[in-house]
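Below you'll find the structure, written out as structure tokens, and then a few comments.
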Amino acid sequence: MIFQILTDLEYGQLHMALDRATGLRAIVALHSTRLGPAIGGCRVYPYVDETAAVTDACRLARAMGYKAALARLPHGGGKAVIWATEAMRRPDFDRAALFTAFARFVDSLGGAYLTCEDSGTSTRDMDVVRKTTKHVLGFSTADGGSGDPSPFTALGCRRGIEAVCEVILGRKDGKDMAGLHVAIQGVGAVGRYLALELHKLGARLTIADIDPGRAERVAAETGAKIISIEEIFDVECDIFAPCALGGAISPSTLPRLRCRAVAGAANNQLASPTVGRTLQERGIFYAPDYAINAGGLINVAQEFAGYDAEKARERASGIYATIREIAERTQQTGRPPGEIADQLAEEIIAAGPQALAT
Ligand code: NAI
């Protein structure tokens, strides 16, 4: 069964650990370490069975591998999953012992995998992990950690939008956003920073958020027009930027879009690959989420070399070139940007670490 999952995904290195004392059942999937140590979060989730846990780890490791490659990071993609049990929910459960056991597992991989926070884990858990292994990123800022990733994600996203402006919208200078209309769905941590970045460059904004306070704050800061979370899909605009939850572009919302491009920070924006193909057929360019939202990953990865915010900003700025290349190849071939991005990631991995700019 496990080999079948790996065969279907066409790659695979899988490590598993059981710690009876703490109840830890953990899986680490490594997509590739050709560009450097694999990087990827540790997720805690109550999987229905072993197959679900292995499949999730493998699928997410590959997504991380592509994301890291497109960001030109000297890292491969990996993922850890901890299979949550009922006992872990009890208030007296010793979470520190669980993460110490997990840290021993990560350490036993000798640096092939660098873990960090993901859904179900926190910076505090990573601080515990760090006591046992150095192969961890995303610890507290007090300890030299990289801190809030959102401004870096927003910066990368804004740079991606600049590339879209030039290649897809035919604007001469992507940094001159006068007259550009962007609709932002969700102005939380990333969406707000993105709104501030775009406003500074002269863009006109329409925003929607389920939390009225957040929308009002951003409107006061940027002059954005607030509309309801339902209306945001119908706005006639140049760019629609999903910055809320996953699955924003679905068979029901797609026909309503009146934009030339979708370029935002949310993860998993397309409800299915079919939606990506339909966007392409309708002449709407889609900036693949894992390419345009890599600024946060770039920021946390910078901890590996010794954290330097300026270097992280420089690298996040490089997302411009990645989106530009995807947009140009899309125009040349007519193929959906998601397929182009996957192919580009494979090419970067195959070219090896010497081809990465330092
Ligand atoms: P957040 O929780 O701070 O912001 C999300 C915002 O969307 C909130 O203000 C929320 O009220 C709003 N929202 C929720 N449902 C909505 C709806 N139906 N319509 C309109 N607004 C809605 O989260 P954050 O950190 O800003 O992340 C946003 C997205 O970007 C997520 O998909 C996240 O996975 C992704 N992302 C975030 C990164 C980061 O650095 N924080 C890095 C890469 C991806």
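Nothing in this text is a laboratory measurement; each read-out follows from the coordinates by a stated rule. Source: prediction; values computed, not measured. Backbone-built Cβ (ideal geometry, glycine too); neighbour counts: all protein chains shown.
Give the dimensionless ratio obtained when the Cα radius of gyration of the chain is divided by 2.2 N^0.38 Å. Let's see the in-between values first.
Details: Rg = 20.4 Å, N = 358, 2.2 N^0.38 = 20.6 Å.
Normalised Cα radius of gyration, the chain: 0.99.
How far apart, in nm, are two points set 7 Å out from the Cα along the Cα-to-Cβ line at residue 274 and at residue 87?
Placing both labels 7 Å along Cα→Cβ, they lie 4.4 nm apart.
Take every DSSP beta bridge with both residues inside the stretch 2-143 and express the antiparallel ones as a percent of the total, to the nearest 5.
Within the stretch 2-143, antiparallel bridges account for around 50 percent of the total.
Quick one: 42, 116, 259, fewest Cβ neighbours within 10 Å first, how do they rank?
259, 116, 42
Residue by residue through the stretch 48-63, which ³J(HN,Hα) values in whole Hz follow from phi under the Karplus form 6.51 cos²θ - 1.76 cosθ + 1.60 (θ = phi - 60°), with glycine and proline marked x?
Result, ordered by residue: 6, 7, 4, 4, 5, 5, 5, 4, 4, 4, 5, 4, 5, 5, 5, 4 Hz.
Distance cut-off 25 Å, Cα to Cα: go down the list 79/131; 175/225; 172/311 and report the pairs above it.
Violating the 25 Å limit, Cα to Cα: 172/311.
With 10 angstrom as the radius, rank 315, 214 by how many other C-beta atoms surround their C-beta, starting from the fewest.
Going from sparsest to densest Cβ surroundings: 214, 315.
If you take every DSSP beta bridge whose two residues both sit in the stretch 184-319, what share of them, in percent to the nearest 5, is antiparallel? Mind showing how you got there, number by number?
On the way: 0 of 12 bridges.
Here the share of antiparallel DSSP bridges comes out near 0 percent.
Which values, in whole Å and largest first, are the semi-axes of the equivalent ellipsoid of the stretch 2-143 obtained as the square root of 5 times each eigenvalue of the Cα gyration tensor? The partial results should precede the final answer.
Details: eigenvalues 105, 72, 29 Å².
Value: 23, 19, 12 Å, ordered largest first.
What residue among 237, 58, 157 shows peak mean-square fluctuation when the chain is described by a Gaussian network model with Cα springs under 10 Å?
237
Would you kindly derive the ³J(HN,Hα) couplings of the stretch 188-205 from the backbone phi angles with the Karplus curve 6.51 cos²θ - 1.76 cosθ + 1.60 (θ = phi - 60°), listing them in order in whole Hz, with x for Gly and Pro?
So the Karplus estimates, Gly and Pro as x, are x, 4, 6, x, 5, 4, 5, 4, 5, 5, 5, 4, 4, 8, x, 6, 8, 10 Hz.
By DSSP, what percent of the beta bridges with both residues in the chain are antiparallel, rounded to the nearest 5?
30 percent
Taking only Cα atoms, what is the 0 to 90° angle, nearest 10, from helix 319-333's long axis to the longest principal axis of the chain?
Helix 319-333 and the main axis of the chain meet at about 70 degrees.
Hey, what number do you get for the chain at 222 nm if only DSSP H runs of n ≥ 4 count, each worth -39500 (n - 2.57), divided across all residues, to the nearest 500?
Values: 13 runs with 155 residues, N = 358.
So the calculated ellipticity at 222 nm is -13500 deg cm²/dmol.
Springs between alpha-carbon atoms under 10 Å, Gaussian network over the chain: tell me which of 40, 174, 295 tops the mean-square fluctuations.
Of 40, 174, 295, the most mobile in the Gaussian network model is 174.
Taking amide H atoms as placed 1.01 Å from N in the peptide plane, list the residues 5 or more away in sequence, or in a different chain, whose amide H sits under 5 Å from that of residue 11.
When sequence neighbours closer than 5 places are left aside, there are no close amide H contacts.
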